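Colleague: First the structure, then my questions, so here it is.
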C-alpha cells in the first residue's frame, strides 16, 4: 500500500525491497504475460489483520477459491473491491464473491479482525 519498486530507477529510490507473504501487490506489466511467484504458502490459521479506518490491500491467503462470507460480515467489513468488481456484506448487487488465488483485494474493515480456519 505504501511502497513501490520500478525497474527503470536506481535501487536506492525503490522503497519495496522484498515481498511479504500475505501482503497484496499491484503489478503494472507493460506487456501481456504471466507473473509467477514461488515460495511456501502461508497458513490462514490465526491470521491477523490490524484494524484500519481506511482501505487495506490484502493478497489472497488461500490456495483455492474461498467465499468472502466465510470470514466477513456487516460487523467487521464495509466493502471488498478489486479491479474485477466489489462485494458488500448482505449486498444484492455484488459482482465478486470469493477470494481467488493470485488476486489481491482492497478491504475496508469495521473493527479489529482475527481470522481462524
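The values are calculated or read from the model by the stated rules, or taken from the named source; none is laboratory data. If you're wondering where the values come from, they're calculated on a predicted model, not measured in any experiment. Every residue, glycine as well, gets a Cβ built from its backbone with ideal geometry; the counts of neighbours run over all protein chains shown.
Colleague: Which residue pairs have Cβ atoms under 6 Å apart, sit 6 or more places apart or on different chains, and have a first residue in the range 12-33 that is over 10 Å from residue 59 (Cβ atoms) and a second that is exposed (fewer than 10 other Cβ atoms within 10 Å of the Cβ)?
Modeller: Within 6 Å, the pairs are 27/35.
Colleague: Continuing with the same structure: Of 32, 21, 104, which residue is exposed (fewer than 15 other Cβ atoms within 10 Å of the Cβ) and at pLDDT 75 or above?
Modeller: So the residue among 32, 21, 104 that is exposed (fewer than 15 other Cβ atoms within 10 Å of the Cβ) and at pLDDT 75 or above is 32.
Colleague: Which condition number in (1) at pLDDT below 90; (2) loosely packed, with under 14 Cβ neighbours inside 10 Å is the one that residue 65 fails?
Modeller: Looking at each condition in turn, residue 65 falls short on (1).
Colleague: Taking the stated definitions as given, is residue 89 crowded, with 16+ Cβ neighbours inside 10 Å and modelled with pLDDT of 85 or more?
Modeller: In short, yes.
Colleague: Right, next: For residue 94, all conditions in the list (1) in a loop (DSSP other than H, G, I, E, B); (2) touching a helix residue (DSSP H, G or I) at 6+ places or on another chain (Cβ under 9 Å); (3) buried (at least 17 other Cβ atoms within 10 Å of the Cβ) hold save one; what is the number of the exception?
Modeller: Result: residue 94 fails condition (3) only.
Colleague: Moving on to the next point. Among the residues of the range 1-18, count how many are under 20 Å from the mean Cα position of the chain (by Cα) and modelled with pLDDT of 80 or more.
Modeller: Within the range 1-18, residues that are under 20 Å from the mean Cα position of the chain (by Cα) and modelled with pLDDT of 80 or more number 7.
Colleague: Also: For the range 35-62, how many residues are assigned to a loop (DSSP other than H, G, I, E, B) and modelled with pLDDT of 80 or more?
Modeller: Number of matching residues: 2.
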